[in-house]
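Working notes, structure below.
The values are calculated or read from the model by the stated rules, or taken from the named source; none is laboratory data. Everything numeric in this text was worked out from a predicted model, so none of it was measured. When we count neighbours, we look across all protein chains shown, and the Cβ atoms used for this are built from the backbone with ideal geometry, even at glycine.
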Amino acid sequence: MGGFFGVASKTSCTNDLFFGIDYHSHLGTRRGGMAVYGEDGFHRSIHNIENSPFRTKFDGDLDELEGKMGIGCISDMDPQPLLIRSHHGSYALTTVGKINNAEELVHRAYERGNSHFMEMSGGKVNDTELVGVILDQAGNIVEGLKLVQESIEGSMTLLLMTPDGIYAMRDKYGRTPVLIGRKEDAFCASFESAAYINLGYEDYYELGPGEIVHMTAKGIEKLSPPGEEMKICAFLWVYYGYPTSSYEGVNVENMRYECGKMLARRDKTDADIVAGVPDSGIAHAIGYANESGIPFARPFIKYTPTWSRSFMPTRQSQRDLIAHMKLMPVKKLIRDKSLLLIDDSIVRGTQLGQTVQYLYENGAKAVHIRPACPPLMYGCKYVNFSRSRSEYDYITRRVIRDREGENVSDELLQDYADPDSQNYKEMVEEIRRRLGFTSLAFQRLDDLVESTGIPECKLCTYCWNGKE
């Protein structure tokens, strides 16, 4: 995934920019970057943050990153922000998105005379550089931003800083958010509204799908209106989003309470306690406990000082190790207890299977699993949801392959995604058996949608039902 933050201020922006970017650290652990525009032009710093937090890497750079405007990012992909000089002048650029037709766009650029790209590890092109190349094909920046939206298959949300201000653009269908905050002498643009709360900003504006604005210390100017169609990623509320953030007016923490309530209303499981897998499963579990009357407890505690979120490392073995090392049992709450455990989702199933085995080893009598979203069936085409290289990384698709063979029609996949079908019930039972759960029941998609309060037609639910 990734997140960004930008500030336009009448005074120094450096501290707000530094902490605003740091508040996006839950969205990525590979690279961080800052770029500012000051009295002597642009300055930039990029660091690898895989082995230490953003703050520790950038704290020593702040004296050199002084200015009244700045943008930056936490990235789980390529180095950014980039500094670019073109016929538009000089600018800094940072992006969040996914480009599915990158090779096609690179070849188009070659045909138009673009001589070269920086090549990244694995032979890929930096997506942010590719966005800059597309943008520079237009006569001005706004037309270039529109061309980016029209050209890219996937999604692309970005911040672009020139000496005159910061352009903010939300992707064409609003799959990822951009929020504007305001305080007395500054405006900010942020992926997460949580990032500016403690910096003294108040909610000011949320960009609509495809909308483009220009931000200065005096305010924002709307340059291109929002589109009518929106497909914001529903998984932002289920997992990615920070609890204090809101998107489209819907708070993440509150949505998770509602989601947990929906799970409880369809479930009659007899358990001693309800628990959530730290961190994102906790709020769902609180909602379940409040609705069911089963006490909420924490049978294991996440040790956070040195262990990052487990899905971030590149190697699966490292993710599995971290998932185990960061959870510490409270044996008093586990031994001889029937536990109902809520996680945000099941992807590969490896980590949750190990967690359940860990609970059994510490004396649990039963472990009932209730994921807060439906079974993941389709690899996301629109945001970098996970590092899965194949849909067969998903335990659902491995079970279906073992039952049906390699070539499964979309019609059959749709049947497996239908919670009322026999194939769905048998798939869920097989997942339960393989992972060693006492029982397993997934959240229904219609209940998840209801818990957001947003019409399904405005949500992207592709990863669960394959519908674009």
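Given the condition in the same structural domain as LYS458 (by TED's automatic domain parsing), without any contact (Cβ under 8 Å) to a residue 60 or more places away in the chain and charged (D, E, K, R), answer yes or no: does some residue in the stretch 186-205 qualify? No. Taken as a whole, the structure places GLN351 among residues that are within 22 Å of the chain's Cα centre (by Cα) and in the same structural domain as ALA264 (by TED's automatic domain parsing).
Here's a check for you: in the stretch 104-124, which residue that is at pLDDT 85 or above and aliphatic (A, V, I, L, M) is nearest to SER155 (Cα to Cα)? If we take residues in the stretch 104-124 being at pLDDT 85 or above and aliphatic (A, V, I, L, M), then LEU105 is nearest to SER155 (Cα to Cα). Check whether at least one residue in the stretch 364-381 is basic (Lys, Arg) and closer than 30 Å to PRO209 by Cα, and report yes or no. Yes, the stretch 364-381 contains a residue that is basic (Lys, Arg) and closer than 30 Å to PRO209 by Cα. Across the stretch 61-101, the number of residues qualifying as within 17 Å of VAL7 (Cβ to Cβ), surrounded by 19 or more Cβ atoms within 10 Å (Cβ to Cβ) and more than 21 Å from the chain's Cα centre (by Cα) comes to 7. The set of residues in the stretch 195-210 that are assigned to a loop (DSSP other than H, G, I, E, B), under 24 Å from TYR37 (Cα atoms) and not aliphatic (A, V, I, L, M) comprises ASN198, GLY200, TYR201. The requirement of being in a helix (DSSP H, G or I) and either among the aromatic types (Phe, Trp, Tyr) or outside the structural domain of ASN126 (by TED's automatic domain parsing) (or both) is satisfied by PHE19. Anything in the stretch 383-414 that is surrounded by fewer than 16 Cβ atoms within 10 Å (Cβ to Cβ) and either over 26 Å from the mean Cα position of the chain (by Cα) or not assigned by TED's automatic domain parsing to the domain that holds ASP344 (or both)? List them, or say none. If the condition is that a residue be surrounded by fewer than 16 Cβ atoms within 10 Å (Cβ to Cβ) and either over 26 Å from the mean Cα position of the chain (by Cα) or not assigned by TED's automatic domain parsing to the domain that holds ASP344 (or both), then ARG401, ASP402, ARG403, GLU404, GLY405, GLU406, ASN407, VAL408, SER409, ASP410, GLU411, LEU412 are the ones that fit.
Taken residue by residue, the stretch 386-393 has at least one member that is free of Cβ contacts under 8 Å to residues at least 40 places away in the same chain, out of contact with any Leu (no Cβ under 8 Å at 6 or more places or on another chain) and part of a loop (DSSP other than H, G, I, E, B). Cβ-Cβ distances below 8 Å connect the following pairs, each with a first residue in the stretch 330-349 that is under 19 Å from TYR303 (Cα atoms), a second residue that is modelled with pLDDT under 95 and in a strand (DSSP E or B), and a separation of six or more residues or different chains: VAL330/PHE300; VAL330/ILE301; ILE334/PHE300.
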